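To start, the structure itself, in structure tokens.
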Amino acid sequence: MQKLLNRKVVYSLIAVMVAAAAGMMIPGRISVTLTPSLDKRVFFLSEASRETRIAQGDYVMFMLSTPYIGNGKPLRTIKRVGCAAGDVLSVKWEKHYYCNGMYMGQAKDRSKKGEPVEAFRFSGKVPDGALFVVGDSPDSYDSRYFGFLRKEDVIKIAHPVF
């Protein structure tokens, strides 16, 4: 029994050392999102540049500052691109959002805290250099409220791990 216990301790120490070494080798390359905004929780991050092609379905990281979240303190945020430059964004029945005819979600009248929120209104081709980003939760604060994200404001591309 004692040998089994010692093996578990040794294996646990090895696992901690491997995890620490990996963390030192890839700092800033992993992001964990704790909010229910997205169905995915762990992301591997890669650099974004002006040349990076960003398409519908990609995940992007950017800085978000809004009085609705964290008292306006800028936060690193990850959202999924619902509609990219050149795609057709349409808003039907006032608050139902579609990209190229595919339903993305509905805007709400009030935040989770009960504060009134304004819905972004736009129908047409998404302009060059613009992205319409969305979350998976109906409570996600995303482009349905703050409008287009500028591609130049993307700081990382987020690749879902799980």
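The values are calculated or read from the model by the stated rules, or taken from the named source; none is laboratory data. Being a predicted model, the structure only gives us computed values, none of them experimental. No Cβ is skipped: glycine too gets one built from the backbone with ideal geometry, and neighbour counts run over all protein chains shown.
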For the range 56-67, how many residues are under 21 Å from D39 (Cβ atoms) and surrounded by 11 or more Cβ atoms within 10 Å (Cβ to Cβ)?
7
Which one of the conditions (1) surrounded by 13 or more Cβ atoms within 10 Å (Cβ to Cβ); (2) not in a strand (DSSP E or B) does G114 fail to meet, given that it meets all the rest?
(1)
Can you say whether E94 is surrounded by fewer than 20 Cβ atoms within 10 Å (Cβ to Cβ), over 21 Å from the mean Cα position of the chain (by Cα) and in the same structural domain as K40 (by TED's automatic domain parsing), as far as the supplied structure shows?
yes
Contact list, first residue from the range 25-54 and closer than 13 Å to K156 by Cβ, second anywhere and of a type in the set (S, T, N, Q) and surrounded by 14 or more Cβ atoms within 10 Å (Cβ to Cβ), beta-carbon distance below 6 Å, six or more apart or interchain, is F43/S31; L45/S31
Of all residues in the range 131-156 being hydrophobic (A, V, I, L, M, F, W, C) and surrounded by fewer than 20 Cβ atoms within 10 Å (Cβ to Cβ), which is nearest to P36 (Cα to Cα)?
F146
Say we look at the range 121-130 and pick out the residues that are in a loop (DSSP other than H, G, I, E, B) and among the charged types (D, E, K, R); which of these is surrounded by the most Cβ atoms within 10 Å (Cβ to Cβ)?
R121
Any residue at all in the range 89-105 that's of a type in the set (V, I, T) and either assigned to a loop (DSSP other than H, G, I, E, B) or closer than 18 Å to L34 by Cα (or both)?
no
